[in-house]
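The values are calculated or read from the model by the stated rules, or taken from the named source; none is laboratory data. The shown structure was predicted, so the numbers you read here are calculated from the model rather than taken from an experiment. With ideal geometry, Cβ positions are generated from the backbone for all residues, glycine too; neighbour counts draw on all protein chains shown. Areas reflect the complete protein model, heavy atoms only, side chains present, ligands, DNA and RNA absent. Shrake-Rupley method; radii C 1.70, N 1.55, O 1.52, S 1.80 Å.
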Amino acid sequence: MLITAEIRWFWPDDASTSRLDWFVSSQRHGGPPAEPAARVDRYLVDGVQPELGIKLRGGRSGVEIKGLVDARAAVLSSPPFDGAIEIWSKWWTVDIGLDAGRTVEVEKRRWVRAFDSTGPKPVEVSELVSAWYLGTAEMPARGCNVEVTRVAGPEGEVWWTIGFEAYGALSTVVEDLVAVAGVMAVRRPPEMSDAVCQSYPAWLGSIVDQGA
């Protein structure tokens, strides 16, 4: 089981690339982000149920089950990153299958900045992300990943999301997310007034309701 503290925002695609340009800027951040390979995840369709996410994750065998533990563990206030921090748990199993007729495909292209939170202050270690994916290096026991993702929905509609996901012990994940959000806020991100703060299950439920 993996415990995470998370906060995420979504906005529909438009002509502006200001948030992605900011996120990938080596000048703003002191180095480039990691760019994991694009993948397609298949999510179980479950109406507007926002507390459970079940998916087949592209590039990984088995099913990922993600459950909401606390919808308001703390309130983040690091403008422009403001909103409720959620606690989630994740499990993986190879003994559960998903009916393809009840799932929708979501294509993701991600840019990731990773932080090691084991010391007194978070340290960006984005250059290690590729080694983590290859299994040639271990992730820190405490950390927080920040990602900007281009998301193509079930009907091909394009959305964008930026999210923070801190992992480790239940007693430290909120603290680590808040610390990393503070670091990112100092790097002068664009405003976020048009973005909706919500989880992947909540976002997916909203676009399925609209006929996706």
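Each residue in the stretch 144-171 was checked for being open to solvent by 20 Å² or more (accessible area, probe 1.4 Å), polar (S, T, N, Q) and either in a helix (DSSP H, G or I) or in contact (Cβ under 8 Å) with a residue 12 or more places away in the chain (or both), and 1 pass.
Restricting to the stretch 103-122, name every residue that is within 19 Å of the chain's Cα centre (by Cα), open to solvent by 80 Å² or more (accessible area, probe 1.4 Å) and at pLDDT 95 or above.
Of everything in the stretch 103-122, those that are within 19 Å of the chain's Cα centre (by Cα), open to solvent by 80 Å² or more (accessible area, probe 1.4 Å) and at pLDDT 95 or above turn out to be 107, 109.
Set side by side, the residues 141, 131 differ, and just one is in a loop (DSSP other than H, G, I, E, B), over 15 Å from the mean Cα position of the chain (by Cα), modelled with pLDDT of 95 or more and surrounded by fewer than 19 Cβ atoms within 10 Å (Cβ to Cβ), which is 141. For the condition hydrophobic (A, V, I, L, M, F, W, C) and free of Cβ contacts under 8 Å to residues at least 12 places away in the same chain, residue 75 qualifies.
Taking the stated definitions as given, is residue 203 on the phi < 0 side of the Ramachandran plot, open to solvent by 20 Å² or more (accessible area, probe 1.4 Å) and of a type in the set (Phe, Trp, Tyr)? Taking the combined requirement at face value, the residue does not satisfy it.
Given the conditions (1) outside any strand (DSSP E or B); (2) of a type in the set (D, E, K, R); (3) in contact with a Lys or Arg (Cβ under 9 Å, 6 or more places away or on another chain); (4) buried (at least 17 other Cβ atoms within 10 Å of the Cβ), and given that residue 41 satisfies all but one, which numbered condition is not satisfied? Condition not satisfied by residue 41: (1).
When the residues of the stretch 63-102 are filtered to those that are over 30 Å from residue 184 (Cα atoms) and part of a loop (DSSP other than H, G, I, E, B), the one that is most open to solvent (accessible area, probe 1.4 Å) is 95.
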